[in-house]
């Protein structure tokens, strides 16, 4: 089996080497860049399975890189883990809204980082295998589970891996209400190191991308979220 490819984008070479060392020990094929300008071209050529991205980079900053990668059809399915010294909740919210799959603050544990990387990569492999590969159709909304594609009113909707997995999970049982904790347990599974607030951020991003279809995801105040029941 080919090794999973991981790209580290980090201008601190000591941190980059620490991350590389620990991930290579886990069996990953790791490459590194030290500034933001070359990330997009590298992603197009090598198509890494995951990117670990610092925010404060020389040249193009991490937020702009994330925005660019997530806005391009050829790269928007690459999971991004933000690794940064910017630890305010507002920074995390912005990062997740940009499409990042996870947000880790420095200083960090290399073992925790490796666990999160493993969980994200495993989620990408197993999420479609865990459910039926049949297409799902709910009114104007269609999900192609095997291809991780969503179409609303005849137009493709570009979702991040996390957004798709949340939508897929909720749509399995229309009308059933799930708490944030249940969503974390089922979507993040053993990679659940982040706070409940992240669920709200991803739901907000999912609704925004669905546009007029945002009401497919309903909020049940004081409880959590559910997928609209069409019966």
Worksheet, complete the sentence: Computed over the chain: longest principal axis from alpha-carbon atoms vs helix 110-126 long axis, angle to nearest 10 degrees, is 40
Worksheet item: Could you give the angle, 0 to 90 degrees to the nearest 10, between helix 197-210's Cα long axis and the longest principal axis of the Cα atoms of the chain?
Response: 70
Worksheet item: Which ordering of 200, 102 is given by a fewest-first count of other beta-carbon atoms within 10 Å?
Response: 200, 102
Practice prompt. Could you work out the Rg to Rh ratio of the range 5-126, with Rh taken as the Kirkwood radius (inverse of the mean 1/r over all Cα pairs)?
Written response: 0.92
Worksheet item: What angle, in degrees between 0 and 90 and rounded to the nearest 10, separates the Cα long axis of helix 161-171 from the longest principal axis of the Cα atoms of the chain?
Response: 20
Worksheet item: Which whole-number percent gives the relative contact order of the chain, counting Cα pairs below 8 Å spaced six or more residues apart?
Response: 14
Worksheet item: So for 90, 173, fewest C-beta neighbours within 10 Å to most, what's the order?
Response: 90, 173
Item to complete: Within the range 52-75, which residues have the backbone N less than 19 Å from the label spot 7 Å out from residue 34 along Cα→beta-carbon, could you tell me?
Response: 52-62
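Every number in this text was worked out from the coordinates using simple rules, so none of it is lab data. Keep in mind the model is a prediction, meaning the values are calculated, not measured. Methodologically, a virtual Cβ is constructed for each residue, glycine included, from the backbone with ideal geometry; neighbour enumeration extends over all protein chains shown.
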